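The values are calculated or read from the model by the stated rules, or taken from the named source; none is laboratory data. These figures come from a predicted structure and were not determined experimentally. Heads up, the Cβs are rebuilt from the backbone with ideal geometry, glycines too, and the neighbour counts pull from every protein chain shown.
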Amino acid sequence: HGSGDEVGKLVETFNEMLAELDDAYRSLDRSNQQLRQFLADCSHELRAPLARIRSTVDVLGRLDEPAEHDDAAFRSQALADVAADTDRMARMVRQLLILARADAGATIDLRPIALADVIGTACRQAARMANGVKLLPPATEPLTGVMVRGDADHLEQALLILLDNAFKYTPPPGEVRVATQRDGTHARIDVTDTGLGIPPEDRDKIFERFFRGRNATAATGTGLGLAIASWIASQHGGTVELHGTQGEGSCFTLRLPIATVSGSPHTFGHAG
Ligand code: ADP
């Protein structure tokens, strides 16, 4: 039957993804305590949604055919739950693979790119997440002609993590503002929101893998976003930092070294 096939396919996809994750770690030194902890955390985090999917699939499999009216309603709710769990797992496994590859020494290929274009693309994508919260896009003039040595997809991903968080942790009617500036040899992108803010005791921990703040339990998330954004920034010779105050929203800053500024006699670092 159609829905059963779909669920079966989803579970199969996950098993493949988990196998890839497992492979990534098998190739590493298994005695490394930090990696073992990471792998233990991964399986812990993945087990709950996988168990829910498993039991829902079992229940769906026992429903009589043809479906009663009540069964149809139950079936569609059950499938919606499975879809939500699988989306969450798919996201988590994709994020875990990025971190697993980073641990295995993966690097990002860097080439000269126009930073304003990357920010424009990320903001256009982020506008779709803005559910009742206003997105104030940046004035890109400060970055006109600014080239960084980077990878557009990865930089977009890092910005989308910051933007996604800003929207997730800002209840409507709030604001998310993106601002850009040149800061000597670096380009600076600030993502500022008017949301929940981050309590002082959590500030040291938010970049850790799997850390989720107490303010975050209502929103869906994995606790991996900021760890990935930091890795991407560091691959570009840059940083992601928090400047925020509790109850007054948060401000995250992505800083990247400028490679060249076209139309300007000043150049920094390698032109590429
Ligand atoms: P996730 O958002 O999936 O939980 P992240 O690694 O992206 O994971 O963020 C870690 C934690 O940092 C979040 O759980 C949340 O507590 C806090 N956080 C991140 N961004 C914001 C923000 N803009 N406003 C408030 N809290 C935030």
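Among the listed residues Ala104, Ala80, which satisfies the condition of being in contact with a Ser or Thr (Cβ under 9 Å, 6 or more places away or on another chain) and surrounded by fewer than 13 Cβ atoms within 10 Å (Cβ to Cβ)? Spell out the reasoning first.
Numbers: Ala80 fails: in contact with a Ser or Thr (Cβ under 9 Å, 6 or more places away or on another chain).
Of the residues listed, the single one that is in contact with a Ser or Thr (Cβ under 9 Å, 6 or more places away or on another chain) and surrounded by fewer than 13 Cβ atoms within 10 Å (Cβ to Cβ) is Ala104.
Looking at (1) in a helix (DSSP H, G or I); (2) under 29 Å from Ala48 (Cβ atoms), which one does Leu155 not meet, given that it meets all the others?
Here Leu155 clears every test but (2).
Tell me, which residue of the stretch 152-179 that is buried (at least 22 other Cβ atoms within 10 Å of the Cβ) and of a type in the set (S, T, N, Q) is nearest to Ser234 (Cα to Cα)?
So the residue we want is Asn165.
Of the conditions (1) at pLDDT below 90; (2) over 23 Å from Leu155 (Cβ atoms), Phe268 satisfies every one except a single condition; which number is it?
Of (1) at pLDDT below 90; (2) over 23 Å from Leu155 (Cβ atoms), only one is false for Phe268: (2).
Can you confirm whether Arg209 is within 11 Å of the ligand (Cβ to nearest atom) and farther than 24 Å from Arg94 by Cβ? Steps first, please.
Working: within 11 Å of the ligand (Cβ to nearest atom): yes; farther than 24 Å from Arg94 by Cβ: no.
Here the answer is no, as Arg209 does not meet what is asked.
From the list Glu12, Glu65, Glu6, which residue is loosely packed, with under 11 Cβ neighbours inside 10 Å, at pLDDT below 75 and more than 19 Å from Ile228 (Cβ to Cβ)?
Working: Glu12 fails: at pLDDT below 75; Glu6 fails: loosely packed, with under 11 Cβ neighbours inside 10 Å.
When all the criteria are applied, what remains is Glu65.
Would you check if Asp117 is part of a helix (DSSP H, G or I), more than 15 Å from the chain's Cα centre (by Cα), more than 21 Å from Ser250 (Cβ to Cβ) and away from the ligand (no atom under 16 Å from the Cβ)?
Numbers: part of a helix (DSSP H, G or I): yes; more than 15 Å from the chain's Cα centre (by Cα): yes; more than 21 Å from Ser250 (Cβ to Cβ): yes; away from the ligand (no atom under 16 Å from the Cβ): yes.
Here the answer is yes, as Asp117 does meet what is asked.
Listed here are the residues, each with its yes/no results for (1) under 28 Å from Asp153 (Cβ atoms); (2) among the hydrophobic types (A, V, I, L, M, F, W, C); (3) outside any helix (DSSP H, G or I); (4) touching a residue at least 12 places away in the same chain (Cβ under 8 Å).
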site: Thr192; (1), (2), (3), (4): yes, no, yes, yes
site: Gly195; (1), (2), (3), (4): yes, no, yes, yes
site: Ile198; (1), (2), (3), (4): yes, yes, yes, yes
site: Phe211; (1), (2), (3), (4): yes, yes, yes, yes
site: Asn215; (1), (2), (3), (4): no, no, no, yes
site: Ser234; (1), (2), (3), (4): yes, no, no, no
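Inspect all residues belonging to the stretch 140-151 and state whether any of them is touching a residue at least 12 places away in the same chain (Cβ under 8 Å), part of a helix (DSSP H, G or I), of a type in the set (Val, Ile, Thr) and buried (at least 19 other Cβ atoms within 10 Å of the Cβ).
Start the filter on the stretch 140-151 by keeping residues that are touching a residue at least 12 places away in the same chain (Cβ under 8 Å), which leaves 140, 142-151.
Of the ones still in play, those that are also part of a helix (DSSP H, G or I) are 142-143.
Pick out the ones that are also of a type in the set (Val, Ile, Thr) and you get none.
Checking the stretch 140-151: not a single residue is touching a residue at least 12 places away in the same chain (Cβ under 8 Å), part of a helix (DSSP H, G or I), of a type in the set (Val, Ile, Thr) and buried (at least 19 other Cβ atoms within 10 Å of the Cβ).
In the stretch 135-165, what count of residues is obtained for those that are touching a Leu at 6+ places or on another chain (Cβ under 9 Å) and within 16 Å of the ligand (Cβ to nearest atom)? Don't jump to the end; show me each part of the working.
Narrowing the stretch 135-165 to residues touching a Leu at 6+ places or on another chain (Cβ under 9 Å): 135, 140, 143, 146-151, 155, 158-159, 161-163, 165.
Subset that is within 16 Å of the ligand (Cβ to nearest atom): 135, 158-159, 161-163, 165.
Residues flagged as touching a Leu at 6+ places or on another chain (Cβ under 9 Å) and within 16 Å of the ligand (Cβ to nearest atom) within the stretch 135-165 amount to 7.
Out of the residues in the stretch 212-254 meeting the condition of being of a type in the set (S, T, N, Q), near the ligand (Cβ under 8 Å from one of its atoms) and at pLDDT 80 or above, tell me which one is nearest to Pro173 (Cα to Cα).
Restricting to residues being of a type in the set (S, T, N, Q), near the ligand (Cβ under 8 Å from one of its atoms) and at pLDDT 80 or above, the top hit is Ser250.
Only residues in the stretch 159-171 that are assigned to a loop (DSSP other than H, G, I, E, B) count as the first member; pair them with residues that are of a type outside the set (S, T, N, Q) and more than 7 Å from the ligand (Cβ to nearest atom), Cβ under 6 angstrom, at least 6 apart or cross-chain, and list the lot.
As it stands, the answer is Thr170/Val133, since those pairs meet every condition given.
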